[in-house]
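J.: Pasting a structure below so you can have a look.
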Amino acid sequence: MPARTKGARAGVRKAVKPLRSIAIFGAVGALVAGIALPAFASSKPTEAATTTLQQLAAVDAQSLVVASQATAAPLSRGTFSATTPEEIEKKKAEEAAAARAAAAAATASASSSTQFNSAGYALTSPGSGEVRYPLPMGSWNVSRTVGGGHNGADMLAPAGTPIYAAAGGVVRASAESIGGYGVCVMLDSVVGGQRVQTTYGHMLYGSRQVQVGQTVAAGQLIGYVGSTGRSTANHLHFEVWINGGLVEPMSWLSVNAG
């Protein structure tokens with residue numbers, strides 16, 4: 001009887017040990033679950049904060065619209081068709097020169113109309129042929145006229161433009177160099193009973209067609225436009241003197257040559 005009791009007790013102890021281990025592991029697991037699960041639950045995003053693919057696509061689409069609107073302002077490309085810096089500078093220089101020529105012509109026209117009275121310049125009937133323009137019509141522009149120590153009208157024209165006698169007469173001077181006039185021809189004429197002297201300066205070297213003492217007719221070729229003497233551009237310096245008095249050449253031509 002005592003031997004059986006000892007064996008039974010030994011069996012009970014063997015059975016209790018595994019159960020005790022299971023209980024301990026169960027308690028530890030419950031403790032871990034009680035601490036970790038609430039923290040995990042608090043850090044997990046809610047269902048309402050979940051971003052869907054459709055919402056991301058909508059955001060991306062809005063961003064693209066904003067970007068396209070931000071760059072929609074037109075860019076100014078200027079007015080030049082040239083593409084290189086050299087071509088642009090050349091174009092600017094040409095436009096500036098044209099603007100200066102136009103301004104000079106306007107100034108000369110205003111000067112001749114306000115400072116000079118052309119009423120006393122008429123010596124012959126306009127269009128009679130007795131007085132002609134010294135350059136072909138449409139080939140020249142006036143850059144300046146009488147005033148400020150300048151005794152004639154500067155008629156800008158390309159080099160080689162023919163020069164004609166404004167009135168028939170006798171050649172008083174013809175030389176490759178006459179002071180600041182450079183290559184120059186001077187004529188003595190009588191128009192409407194008045195003594196008229198005309199001067200044609202800055203001709204091309206070697207272009208004179210008449211000599212001193214030669215008689216010429218109105219409209220006869222006497223030389224070609226150049227830039228000799230005190231000159232910085234191709235033009236005809238044209239002077240008109242009546243009975244020894246200086247007159248404004250363009251006004252005189254307008255009332256006599258037509």
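J.: With a cut-off of 8 Å between alpha carbons and a minimum separation of six or more residues, what is the relative contact order of the range 151-231 in percent? Mind showing how you got there, number by number?
T.: Working: 196 pairs, mean separation 32.2, N = 81.
It comes to 40 percent, rounded to a whole number.
J.: Compute the distribution of all C-alpha to C-alpha distances in the range 116-178, in bins of 10 Å from 0, and list the percent of pairs in each, rounded to whole numbers.
T.: Histogram of Cα-Cα distances, whole percents per bin: 15, 40, 40, 4.
J.: Tell me the Kirkwood radius of the range 142-258: reciprocal of the mean inverse pair distance over distinct alpha-carbon atoms, in Å.
T.: Result for the range 142-258, one decimal place: 13.9 Å.
J.: Sticking with this structure for a sec: From Cα coordinates alone, what are the radius of gyration and Dmax values for the range 194-258 in angstrom?
T.: Cα only, the range 194-258: 12.9, 34 Å (Rg, Dmax).
Values in this text are rule-based calculations from the coordinates and carry no lab data. Just so you know, these numbers come straight off a predicted model, no measurement behind them.
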